[in-house]
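Chemist: Please see the structure below; I have some questions.
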Amino acid sequence: MADFHFDVIVVGAGPAGSCAALTLARAGRSVCLVERGPFPGAKNMYGGVIYPRVLDQLVPRWWEEAPIQRWVTRRMTMMTTPTQAITVDYRTQAWAGPPYNGATAYRPDFDAWLAGKAEGEGAVLVCSTTATGLLRDGSRVVGVRTDRPDGDLTARIVIACDGVNSFLAKEAGLYRDSDPGHFTLGVKETLALPKAVIDERFGVRDLDGVDIEIVGCTGDVPGGGFLYTNLDTLAVGVVLKLPALAAQQRRPEAIIGALKAHPAIAPLVEGGEVKEYSAHVIPEGGYEMMPTLAGDGLLVAGDAAAFCLAAGIWLEGVNFAMGSGMAAGEAANEAIARGDVTASALAGYRKRLEANFVLRDHRKLRGAPGLVLSDRVQKRYPAFICNVAERMFRVDNPAPKPGLRRIARQEMKRGGVRLRHLVKDAWAGWKAFG
Amino acid sequence: MIAACLKWVDRRPEVDPITGVVHDDNRFAGISDADQAALEWALRHAEVTGDELVVVAAGPPQAEGVLREAVACGASRAVRVEVALAAPSPTVARALASVVSSATTVWCGDYSLDRGSGSVPSFLAAELGVAQALGLVAVTLAEGAIEGLRRLDKGRRERLRVTDRAVLSVEGSTARLRRAPLSRTLAGRTATVDVVAGPREVDARVTTVRSRPYRPRPRELAAPVGSAHDRISSLTAAGTSAGGRTDPIVLDPAAAAERVLSALTTWGYRPES
Amino acid sequence: MTRSVAVVPVRDGMLAVGGDEAVAECEGRAVLVGSGCAIAARELAVTEVKMLELDDFAPGSWAVALAAHLTDVDVVVVPGSPDGRDLAPRIAHALGRPLLAGAIEVRADGASCARHGGLVIDELVVDGPFVTTLQPGVRGILNASMPAPAVEIIEGGASTRTADAEVMEVLSPDLATIDLREAPRIVAGGAGLDGATRFEQLARIASALDASVGATRVVTDRGWVGHVRQIGTTGVVVEPELYIAFGISGAVQHTSGLGTPDHIVSVNTDAHCPMMQLADLAIVCDANAVLDALEEQLSG
Ligand SMILES: Cc1cc2nc3c(=O)[nH]c(=O)nc-3n(C[C@H](O)[C@H](O)[C@H](O)COP(=O)(O)OP(=O)(O)OC[C@H]3O[C@@H](n4cnc5c(N)ncnc54)[C@H](O)[C@@H]3O)c2cc1C
Ligand SMILES: Cc1cc2nc3c(=O)[nH]c(=O)nc-3n(C[C@H](O)[C@H](O)[C@H](O)COP(=O)(O)OP(=O)(O)OC[C@H]3O[C@@H](n4cnc5c(N)ncnc54)[C@H](O)[C@@H]3O)c2cc1C
Ligand SMILES: Nc1ncnc2c1ncn2[C@@H]1O[C@H](COP(=O)(O)O)[C@@H](O)[C@H]1O
């Protein structure tokens, strides 16, 4: 019987890994959290909005201590053509107080805080250390090899939370061939502006913040844009379908540049000094590409398991990472308690995910990426809706006002929008989001 | 005993270009590349001589993290001297000297990232009454001696040799710090760091009245000669080149080469042939 | 009245870099220390000069020898050259005075000192005498003629032996391997050159002109020469006296790393590119052919 260094090794101190480690440490298991960055979150990037409600049970009253920038109280969805924009603008003060909804946060702050919670419960965090492979005993995973000298570390269970394109999950053979069609590229700029300027431009006060999702702003590359307010910076970026990006030969920074120059966005971002530019691959519409979630002695969580929704305007991953990390921690704890860490003993993980939002949301929204990224939603509908609005609101006397029905019919014809498609897409949307 | 002095600093401070205000981000704190090189040399040196290696940092409790990492890399003992972050170099040197007084060799980095004066090692040598060899760009650990190459001005180098007690400082490019083995990293997390009190006094003679962003000071230049018109055009000409900028001339290759060489001769870069 | 004096190390009659500026900052009052002081003094605009003739650089002993002659000086200004930076703390220690390192400007009651890699200036005020190092190149000098200086030869040194490192030899710069930052003459090539072998030729020409080789990013990206040769914002920032550009357009990322050369030569087929605008001698010609011609003329 091998003598293990730890009960569990968690690879990757992102939101998934820290939640898994926190859950296990609290249950009294010895846990080692291995992170390649100099500190958790050092190199992690994302758009900027987190939905931390999933933390309610793990860190009660998390909102009192989590390092957030602003609470999102205004969420806008914008449809654009190169010269037009139509926006649905929802705001509520209900999201400005406990238990809150979404928040903007910097990942280095948030991830370091969450990993600190795990450490506080007794997890051993080792930074500047990269897991380079799995250690096995037959088919069973019994630890990881790291890039440090004498760097083998053993445990009963390894939880791979090493992010998108998980090297460990692939090495364990949990993925079928990965199809680049299921990946999107996220690129983001952080722009510095004084807080007062942001407050004024976005019509918010104090810690209230804004989340704008934008369709139709990425030219011929299917995708979406976003603009979020931090305390004294803005995050502006785009999420782009990878194969199309390659085919179009457009540089992502040029697409962000075009978004920043859009007449509806330019006045909001004007004068912001670029503090940071970053790019990262996102597993999109995870349900289709999800790997096998457990092997003997191994679990996968977060982006590593493709638990992420990135379909144009949809950008959620941190909440799924935290939810799946917690579930993995619980399942690992149970398996260790029962003394059986085989894949079948770890099946409780998948059951947990199916019962909670992680897999349910993914199943429900499985059609969303295809719909949101379709040519119709990307280009025809925004143009159609914008043109209808334009003619509705335009006053070209002495000509009399045309009726809405007539405008709509003419614009549908002009924009190549078929009623048949509209009905079909509406139905698909209803199924996905309804 | 051999010692290495490691300064805990923010490796990536952000300086506001308008106000000169420095924003520290302690998460990026650590030791400079130069101090890492110093630690690596100290480790190699201790391996050769079999001496004990003591790592020292003068600074706040957060500095203990880097000392523990140094222990994980192989240092025998870690000491932190309690001094104020803003302590001037002589005070820091005195604090360090109290710990390393019996060291045969003290390894330092050439400059610290924040203060960047490179004076602590020199003050330390003075304090200990030992030789100094500073700003080394290459080091050789020889039998009973250490040889180093020191950067001089105008591209020259000086080869130095120390055979007795000395303070050495090295540039960051001289060595790459080894990675600590995983087992020692795990064990090093709880390594004890001895804490000693440093000099309490502050140097009341020096006050920082204000900090501001760097702006070059006006340079003194020889007054232009010639007519008022010449002077105005020379003062308004961009750049500080001695000669005025000239219009491009079209030449064939041989004539071009000749023209280049004759210009170099006129300007004094080549002897008259 | 406060008195300031520059202490300038000398090696074989050569002043430390920035020594002339330190002396100018002290209105022509200087103490020269080292070997060949009298020769070095001729290069300086000094009003009052003391000379302490000592051989190998030995900062510990030199400082002790100097201190005796500096007790009545309020502000000691040392050039921030390698020797000056090593000597100044020892002088400050011997005199028991504060050191204001890395000054860009010295006043009677303090100095403006660079911190954080030169991004921040601290204005420091000192109550009492102090020692400071003045960064070379920040000040510039006027070459005004001075009346014949008062010269005093001072003795000292031998009796006060402090532990110092042994100087084995001084190596003269090797232009082929010199850190480009320190190179006084640079011959650089850009995308206008037609291949990697041009840079071997450039190296031969450079060595005939006592110069070092530099390049643009396009060239280093192609791997024609190593990244250490790249001049510019993402390469090294150089400060040569002479800069010769072959087939370089003069993009701002390149020229911002160029310093302020006294003389610039540019050879380019495009008469209107920025490098040609900057040049003291701008020649419109195929740079490759000019290199061939140059090599021939230099060997002939
Ligand atoms: C541009 C962009 C915008 C996004 N916007 C949002 C958004 O607004 N809201 C949202 O909820 N989500 C967003 N996401 C998605 C979100 O970032 C991810 O879903 C989330 O970070 C997943 O968390 P994780 O813990 O699984 O992985 P990660 O956060 O990627 O963490 C993985 C960790 O593992 C470490 N690691 C990796 N390999 C190794 C190894 N071999 N050894 C040791 N450590 C290793 C990494 O350093 C890292 O710390 C966005 C993503 C992108 C790219
Ligand atoms: C963020 C960033 C950082 C950068 N950092 C640096 C840096 O640190 N250093 C750097 O050098 N660049 C840097 N660059 C690149 C810089 O912008 C230019 O692209 C580069 O300096 C151009 O190099 P070049 O002059 O060799 O090439 P080009 O701009 O292509 O110029 C070639 C020149 O050669 C001339 N020419 C062509 N044929 C001949 C011929 N037969 N004879 C004579 N002349 C000829 C042409 O007229 C032209 O002027 C950076 C760029 C970016 C975006
Ligand atoms: N507070 C400190 N603690 C330990 N070592 C220091 C400290 N300050 C300076 N040093 C050492 O002295 C070197 C030069 O620092 P400085 O003189 O501050 O530029 C550093 O690289 C360190 O090796």
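Chemist: Whole-Hz ³J(HN,Hα) for each residue in segment A:11-27, computed from phi via Karplus 6.51 cos²θ - 1.76 cosθ + 1.60 with θ = phi - 60°, x for glycine and proline: what do you get?
Modeler: With coefficients 6.51, -1.76 and 1.60, one gets 9, x, 9, x, x, 5, x, 5, 5, 5, 5, 4, 4, 5, 5, 5, 7 Hz.
Chemist: How large is the translational diffusion coefficient of segment C:18-60 in µm² per second when you combine the Kirkwood radius over alpha carbon pairs with Stokes-Einstein at 10 °C and 1.306 mPa s?
Modeler: Using the Kirkwood radius from Cα pairs, D works out to 149 µm²/s.
Chemist: Among B:Thr185, A:Phe307, B:Ala256, which residue has its Cα positioned farthest towards the positive end of the charge dipole of the protein assembly as shown, with +1 placed on the Cβ of Lys and Arg, -1 on the Cβ of Asp and Glu, and the dipole taken about the Cα centre?
Modeler: A:Phe307
Chemist: On to the next question. Once you put a point 7 Å from the Cα of A:Asp137 and another 7 Å from the Cα of A:Glu65, both along the Cβ direction, what distance in nm separates them?
Modeler: 3.6
Chemist: Strictly greater than 14 Å: what percent of every Cα pair in segment B:84-131 meets that?
Modeler: Working: 505 of 1128 pairs.
For segment B:84-131, the fraction of Cα-Cα distances above 14 Å is 45 percent.
Chemist: Taking H placed 1.01 Å from N in the peptide plane, check which residues at least 5 places from A:Leu33 or on another chain put their amide H under 5 Å from its amide H.
Modeler: Correct list: A:Val10, A:Val124, A:Leu125, A:Val126.
Chemist: So, one more: As a test of the definition: which semi-axes, in Å, follow for segment A:249-362 when you take the square root of five times each eigenvalue of its alpha carbon gyration tensor? Largest first, please. It would help to have the intermediate numbers written out before the result.
Modeler: Numbers: eigenvalues 312, 32, 32 Å².
Result for segment A:249-362: semi-axes of 39, 13, 13 Å.
Chemist: I would also like to ask the following. R0 = 45 Å: FRET efficiency of B:Val137 with A:His421, Cβ-based, nearest 0.05? Let's see the in-between values first.
Modeler: Working: r = 70 Å, r/R0 = 1.56.
That gives a FRET efficiency of 0.05.
Chemist: So which residue, out of A:Arg140, A:Arg366, A:Arg414, gets the largest mean-square fluctuation from a GNM of chain A using Cα contacts under 10 Å as springs?
Modeler: It is A:Arg414.
Chemist: Projecting each Cα onto the charge dipole of the protein assembly as shown (Lys/Arg +1, Asp/Glu -1 at the beta carbon, about the Cα centre), which of C:Gly60, A:Ala331, A:Phe384 comes out farthest on the positive side?
Modeler: Projecting each Cα onto the dipole axis, the largest value belongs to A:Phe384.
Chemist: Based only on Cα atoms, what mean projected area does the convex hull of chain A have, in nm²? Don't jump to the answer; show the numbers that get you there.
Modeler: Values: hull surface 90.4 nm².
For chain A, averaging the hull's shadow over all directions gives 22.6 nm².
Chemist: At 4 °C and a viscosity of 1.567 mPa s, what translational diffusion coefficient does Stokes-Einstein give for segment C:125-258, taking Rh as the Kirkwood radius over Cα pairs? Give it in µm²/s as a whole number. Provide the component values of the computation, followed by the final result.
Modeler: On the way: Rh = 18.5 Å.
Result for D is 70 µm²/s.
Chemist: Next question. Please give the charge dipole size of segment C:42-125, origin at the Cα centre, charges +1 on K and R Cβ atoms and -1 on D and E Cβ atoms. Round to the nearest 20 debye.
Modeler: On the way: 7 positive and 13 negative charges, 34 e Å.
My answer is approximately 160 debye.
Chemist: Percent of Cα-Cα pairs per 5 Å bin, from 0 to the last occupied bin, for segment A:150-260, please list those.
Modeler: 2, 10, 16, 14, 12, 12, 11, 10, 7, 5, 1, 0
Chemist: Determine, for each peptide in C:228-234, A:388-394, the mean count of other beta carbons within 10 angstrom over its residues, then list the peptides with the highest first. The partial results should precede the final answer.
Modeler: Details: C:228-234: 19.3, A:388-394: 13.9.
Sorting C:228-234, A:388-394 by mean packing, highest first, produces C:228-234, A:388-394.
Chemist: Hey, got the dipole for the protein assembly as shown? About the Cα centre, +1 on K and R Cβ, -1 on D and E Cβ, debye to the nearest 20? It would help to have the intermediate numbers written out before the result.
Modeler: Details: 104 positive and 119 negative charges, 1050 e Å.
With Lys and Arg at +1 and Asp and Glu at -1, about 5040 debye.
Chemist: On to the next question. Consider all pairwise Cα distances in segment A:5-68 and report the whole-number % of them above 18 Å.
Modeler: Values: 901 of 2016 pairs.
Of all Cα-Cα distances in segment A:5-68, 45 percent exceed 18 Å.
Chemist: If you don't mind, another one. Jot down the radius of gyration and Dmax of chain C, Cα atoms only, both in angstrom.
Modeler: 22.5, 66
Chemist: What is the P(r) of segment A:313-353, as percent of Cα-Cα pairs per 10 Å bin from 0?
Modeler: 32, 42, 18, 7, 1
Chemist: Quick check: from the Cα gyration tensor, does segment C:77-167 come out rounded (a/c under 1.5), prolate or oblate?
Modeler: On the way: a/c = 1.67, a/b = 1.18, b/c = 1.41.
In terms of gyration-tensor shape, oblate.
Chemist: What order, most packed first, do the peptides A:95-101, B:68-74, B:3-9 have when packing is the mean number of other Cβ atoms within 10 Å of each residue? Write out the running numbers ahead of the final one.
Modeler: Values: A:95-101: 15.0, B:68-74: 23.1, B:3-9: 27.7.
Going by the mean number of other Cβ atoms within 10 Å, highest first, we get B:3-9, B:68-74, A:95-101.
Chemist: More than 39 angstrom separation, counting every C-alpha pair in the protein assembly as shown; what % is that? Display every interim value, and only then the final one.
Modeler: Working: 294660 of 506521 pairs.
Roughly 58 percent, rounded to a whole number.
Chemist: How big is the Kirkwood radius of segment B:60-144, worked out from every pair of different alpha carbons and given in Å to one decimal?
Modeler: Details: mean 1/r = 0.0703 Å⁻¹.
Here the Kirkwood hydrodynamic radius works out to 14.2 Å.
Chemist: When the Cα atoms of segment A:366-413 are enclosed in a convex hull and the volume is divided per residue, what value in Å³ results? Please list the in-between numbers first.
Modeler: Details: hull volume 3.5 nm³, N = 48.
Dividing the Cα hull volume of segment A:366-413 by its residues yields 73 Å³.
Chemist: Between A:Asp3 and A:Lys351, what is the FRET efficiency for a Förster distance of 35 Å, r being their Cβ-Cβ separation, to the nearest 0.05? Could the numbers behind the result be given before it?
Modeler: Numbers: r = 31 Å, r/R0 = 0.89.
Result of the calculation: an efficiency of 0.65.
Chemist: Moving on to the next point. Based on the Kirkwood radius over alpha-carbon pairs, what value in µm²/s does the Stokes-Einstein equation return for the translational diffusion coefficient of segment A:345-434 at 20 °C and 1.002 mPa s? Write down the numbers at each step before the final one.
Modeler: On the way: Rh = 15.9 Å.
For the chosen part, D equals 135 µm²/s.
Chemist: While we're looking at this one, here's another question. Mind checking the dipole of chain B: about its Cα centre, +1 per Lys or Arg Cβ, -1 per Asp or Glu Cβ, Debye to the nearest 20? It would help to have the intermediate numbers written out before the result.
Modeler: Details: 34 positive and 32 negative charges, 41 e Å.
It comes to approximately 200 debye.
Chemist: Against the 2.2 N^0.38 Å scaling, with N counting residues, where does segment A:1-144 land? I'd like the Cα-based Rg ratio to two decimal places.
Modeler: Numbers: Rg = 19.2 Å, N = 144, 2.2 N^0.38 = 14.5 Å.
Here the Cα radius of gyration is 1.32 times the empirical estimate.
Chemist: In whole Hz and in residue order, list the ³J(HN,Hα) couplings for segment B:87-103 that follow from phi through the Karplus curve 6.51 cos²θ - 1.76 cosθ + 1.60, θ = phi - 60°; x for Gly and Pro.
Modeler: 4, x, 3, x, 5, 4, 4, 5, 4, 5, 4, 5, 8, 9, 4, 9, 6
Chemist: Looking at A:Gly367, B:Val137, A:Met322, which one has the Cα that reaches farthest to the positive end of the dipole of the protein assembly as shown (charges on Cβ: Lys, Arg +1; Asp, Glu -1)?
Modeler: Final value for the positive-end residue is A:Gly367.
Chemist: Once the principal axes of the Cα atoms of chain B are found, what is the range along each, listed largest first in whole angstroms?
Modeler: Result for chain B: principal-axis Cα extents of 73, 47, 38 Å.
Chemist: Hey, could you grab the Kirkwood Rh for segment B:83-192? Inverse mean 1/r over distinct alpha carbon pairs, Å, one decimal.
Modeler: Working: mean 1/r = 0.0647 Å⁻¹.
Averaging 1/r across every pair of different Cα atoms and inverting gives 15.5 Å.
Chemist: Working from Cα positions, state the angle (0 to 90°, nearest 10) between the long axis of helix A:404-415 and the longest principal axis of chain A.
Modeler: Once rounded, the angle reads 70 degrees.
Chemist: In segment A:221-263, what is the volume of the convex hull around the alpha carbon atoms, normalised per residue and reported in Å³?
Modeler: Roughly 72 Å³ of hull volume per residue.
Chemist: Also, quick follow-up: Can you tell me what the convex hull of the Cα atoms of segment B:1-122 projects to on average, as an area in nm²?
Modeler: Numbers: hull surface 28.5 nm².
One quarter of the hull surface, i.e. the mean projection, equals 7.1 nm².
Where a number appears in this text, it was derived from the coordinates with a stated rule and is not lab data. Here the structure is a predicted model, which is why all the values come from computation and not from measurement. Here Cβ is always computed from backbone atoms with ideal geometry, including for glycine, and neighbour counts include all displayed protein chains.
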